[in-house]
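Note sheet for the following structure.
The values are calculated or read from the model by the stated rules, or taken from the named source; none is laboratory data. Fair warning: this is a prediction, and the values are worked out from it, not measured in the lab. Glycine also receives a Cβ, built like all others from the backbone with ideal geometry; neighbour counts cover every protein chain displayed. For the accessible areas, the whole protein counts, side chains as well, though only heavy atoms, and no ligand, DNA or RNA atoms are used. Shrake-Rupley method; radii C 1.70, N 1.55, O 1.52, S 1.80 Å.
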Amino acid sequence: MAGRLLLRGMLAGIVAACLAFIFARVFGEPQVNLAIGYEAAMDAAAGEPPEVELVSRAVQATAGLLTAAVMYGAAYGGVFALVFATAYGRIGRFSPRMLAMLLAAAGFLAVVLVPDLKYPANPPGVGNHETIGLRTVAYFEMVVFSICALIMAVLAGRWLAARLGNWNASLCGAAAFVVLVGLLQWALPGINEVPDNFPAQVLWHFREAALGMQLVLWGSLGFGFGLLAERVLGRPNALRHYG
């Protein structure tokens, strides 16, 4: 059963990645082009020669972006399916579709939204090459800590449910998550390397597009995998299983 769910998770991830690719092409690539134009103008003003393109922008924005998105989606879909198989029947009385959507929302919250509040996506022309290692490590630390905080909050909510009821326990779990995330964001270093003269509108729209792409990916993954998982598990069986 886990193998069948894994295959369908990867399939749902690939489909979700293709939808995210379309979103990125429409809303993200224009902002990337503007940011690259700004970077080129700054280099020219500083008297630096233009960088040699190993891969053309046309390839980067089409086949390159699609390939990266599909690989990303397949990997996330596989991990998502394994998490679903572990959680199914263990964290509540949810149908396969409802559980898939809840897991997708939790994944978007912990893997994307919380880390982006501390370290938002930046377009080309933003960031110091000398600090790329620090920025990468700090970002992935935020992702790992955010996932751990979410797991701890869920476990705390389950433990408190028998004492406080589901609603109060859920509120306590959510409050614990917010507190843990706040402490983590306070503890990790802040990094702000946006040039003072970088166009604010380009930066804002790029970050909107980056967040929107992730929202499309996770939303499509949860919805698509939920449909596929229900076909594997069987709706009547799921309903009997949860009473």
**Gaussian network model of the chain, springs between alpha carbon atoms under 10 Å - residue of L117, L109, L82 with greatest fluctuation** = L117
**Complete:** With every protein chain kept in place and a 1.4 Å probe, the chain has an accessible area per residue in Å² of 58
**Message:** I'd like the accessible area for M98, computed on protein heavy atoms only with a 1.4 Å probe and all protein chains in place. Round to 10 Å², please.
**Reply:** 100
**Prompt:** How high is the relative contact order of region 128-193, in percent, counting Cα pairs under 8 Å that sit 6 or more residues apart?
**Reply:** 38
**Prompt:** Going by the alpha-carbon gyration tensor, a ≥ b ≥ c the square roots of its eigenvalues, is the chain rounded (a/c under 1.5) or, if a/c is not under 1.5, prolate (a/b greater than b/c) versus oblate?
**Reply:** oblate
**Asked** Whole-Hz Karplus ³J(HN,Hα) for region 109-115, in order, using 6.51 cos²θ - 1.76 cosθ + 1.60 and θ = phi - 60°, x for Gly and Pro?
**Response** 5, 7, 8, 10, 5, 4, x
**Message:** Can you tell me which of P124, P30, P195 moves the most in a GNM of the chain? Springs connect C-alpha atoms under 10 Å apart.
**Reply:** P195
**Asked** Within the accessible area of the chain, what % is carbon and sulfur when the probe is 1.4 Å and the other protein chains stay in place?
**Response** 70
**Request:** Determine how large the accessible area of C148 is when every protein chain is in place; take a 1.4 Å probe and give Å² rounded to the nearest 10.
**Result:** 60
**Prompt:** Using a 1.4 angstrom probe and counting only protein chains, how large is the accessible area of T86 in Å², to 10?
**Reply:** 90
**Message:** Which order do you get for W204, W186, W167 if you rank them by accessible area with a 1.4 Å probe, largest at the top?
**Reply:** W186, W167, W204
**Asked** Between A44 and L109, what length comes free when the chain is fully extended (0.36 nm per residue of separation minus the Cα-Cα distance, one decimal in nm)?
**Response** 19.4 nm
**Request:** Give the Rg/Rh ratio for region 128-193, taking Rg as the radius of gyration of the Cα atoms and Rh as the Kirkwood radius, to two decimals.
**Result:** 1.18
**Item:** Relative contact order (%) - the chain, alpha-carbon pairs under 8 angstrom, separation at least six
**Value:** 39
**Candidates L227, L155, L203: whichever shows maximal mean-square fluctuation once the chain is modelled as a Gaussian network with Cα springs under 10 Å** = L155
**Asked** Between A174 and A58, what FRET efficiency comes out of the Förster formula 1/(1 + (r/R0)^6) with R0 = 35 Å and r the beta carbon distance, rounded to 0.05?
**Response** 0.15
